[in-house]
Amino acid sequence: KTGLFTYDSGFLSTASCQSKVTYIDGDKGELLYRGYPIEQLAEQCNFLEVAYLLKNGELPNKQQKVGFEDTIKNHTMVHDQITRFFNGFRRDAHPMAVMVGVVGALSSFYHHGEDYSKPDARRKAYSRIVAKMPTIVAMAYKYSIGQPFVYPKNELSYTANFMRMMFGTPCEEYKPNPVLVRALDIIFTLHADHEQNASTSTVRLAGSSGANPFATMAAGIACLWGPAHGGANEACLNMLEEIGDVSRVPEFIARAKDKNDSFKLMGFGHRVYKNFDPRAKLMRKVCYDVLTEMGLENDRLFKLAMELEKIALEDPYFVEKKLYPNVDFYSGIVQKALGIPTDMFTCIFALARTVGWMTQWEEMITDPEYKIGRPRQLYIGAARRDVTPLDKRN
Ligand code: SDX
């Protein structure tokens, strides 16, 4: 069942698994979740419907949708001792460092040697992790700004509940703006899964050793943190702030093309897409809708990003190397407009990608032929040789 080994840019990249979950056609710029185009899912479904689809392979009917939402709602609170974990972190700790620590620590509360070959054990772990991620992400944010944690309010939808935990305070009731809730819900859908990207492959590899799902999610979060992966939206916004003005775009385009300069255009390029990342187009529209709703349609960074995209897509270097905007190019701008601070962007990505990670973890451990992952290498080191005694080494 393992695929062919191919040697690619320093890594033995393997078609290491078969999966029924997500399909990407990099040349066409097509992304399907269980066969459904991401464009239709983003427009017609909400995030938990998409989570249900990814996990179960079919979209829920009305009854299944309500049942799934209710199950998730039953697990949104965290064990109260978890609230004490945060005190061990500096207030200025990067929220992803907090996420790696706290999500991994969930193992000590919710994993007691369960046998995850049993559907019930998997269902419980899935519900707990997917339900608690918004609560933990919001707690990480509240801790960083010195505000008290806001507990979940289960009469709200999954995404509205998250926004209330992020932006509400005990002083006044937070009323989520439905347009902004819908926008963030679509952003979650766009990040839900993406085939065997680095963090999903990390989850599969970690989970294949029999590590419990909570520790396995922590491994995925750690990998996602990297600026070449999930950290790119934060890096992209920082890059746009550094560019500052359209007049400086040519300077940064030149740097991105300069092989002696390590600078890369953040939010551009992709290991698989050699056409437009379909999520980038949808993200640009969500971005425009949110900015318009907030009367910010002339947002400086949004205009700069659109101009940068236009100039880059006309540049022979980017055309020849098939470098297009990816999911991270606009996501930072829209999250900033939603009031989410830059260092929280990758936490939002992790929150959404958890439904994909858990689905791919379950697909892996329920594969009757799965074994512990053990990628091989192409050895290019020294040939066999004998040790020279210390007193004879020069
Ligand atoms: C995500 O895998 C996934 O699915 C990930 C993800 C998901 O949903 O899980 O889609 C999320 O991680 C999106 C990517 C976010 N990262 C960034 O935006 C960071 C900036 N992008 C680059 O770091 C880069 O594009 C990568 C890492 C994403 C891909 O790098 P590759 O594998 O080198 O891309 P490539 O082979 O297509 O590059 C072709 C050429 C190379 O130059 P040459 O070796 O041919 O001379 O284009 C260059 C690259 O150096 N290049 C860039 C560039 N991206 C690639 N040059 C300038 N700016 C860029 N952004």
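The values are calculated or read from the model by the stated rules, or taken from the named source; none is laboratory data. Just so we're clear, the structure is a prediction, and the values are computed from it rather than from any experiment. Every residue, glycine among them, receives a Cβ derived from its backbone with ideal geometry; neighbour counts consider all protein chains shown. Only protein heavy atoms, including side chains, enter the accessible area calculation; ligands, DNA and RNA are left aside. Shrake-Rupley method; radii C 1.70, N 1.55, O 1.52, S 1.80 Å.
Of the helices (runs of 4 or more DSSP H) that lie entirely inside segment 66-175, those containing 3 or more residues that are buried (at least 21 other Cβ atoms within 10 Å of the Cβ) span 95-105, 119-145, 158-167.
The condition (being farther than 21 Å from residue 23 by Cα, part of a loop (DSSP other than H, G, I, E, B) and more than 8 Å from the ligand (Cβ to nearest atom)) is satisfied by just one residue among 289, 261: 261. Taken together, the criteria place residue 303 among residues that are open to solvent by 50 Å² or more (accessible area, probe 1.4 Å) and either touching a strand residue (DSSP E or B) at 6+ places or on another chain (Cβ under 8 Å) or touching a residue at least 12 places away in the same chain (Cβ under 8 Å) (or both). One residue stands out among those in segment 338-394 that are polar (S, T, N, Q) and either modelled with pLDDT of 95 or more or open to solvent by less than 50 Å² (accessible area, probe 1.4 Å) (or both): the one that is farthest from residue 130 (Cα to Cα), which is 388. Sub-8 Å Cβ pairs linking a first residue in segment 194-213 that is farther than 10 Å from residue 361 by Cα and outside any helix (DSSP H, G or I) to a second residue that is within 11 Å of the ligand (Cβ to nearest atom) and open to solvent by 40 Å² or more (accessible area, probe 1.4 Å), at least 6 apart or interchain, are 195/272; 197/271, ordered by first then second residue.
Summed over segment 269-286, the residues that are within 16 Å of the ligand (Cβ to nearest atom), farther than 12 Å from residue 329 by Cβ, surrounded by fewer than 20 Cβ atoms within 10 Å (Cβ to Cβ) and not β-branched (Val, Ile, Thr) give a count of 3. Among the candidates 294, 266, the residue that is under 17 Å from the mean Cα position of the chain (by Cα), open to solvent by 30 Å² or more (accessible area, probe 1.4 Å) and either more than 7 Å from the ligand (Cβ to nearest atom) or of a type outside the set (Lys, Arg) (or both) is uniquely 266.
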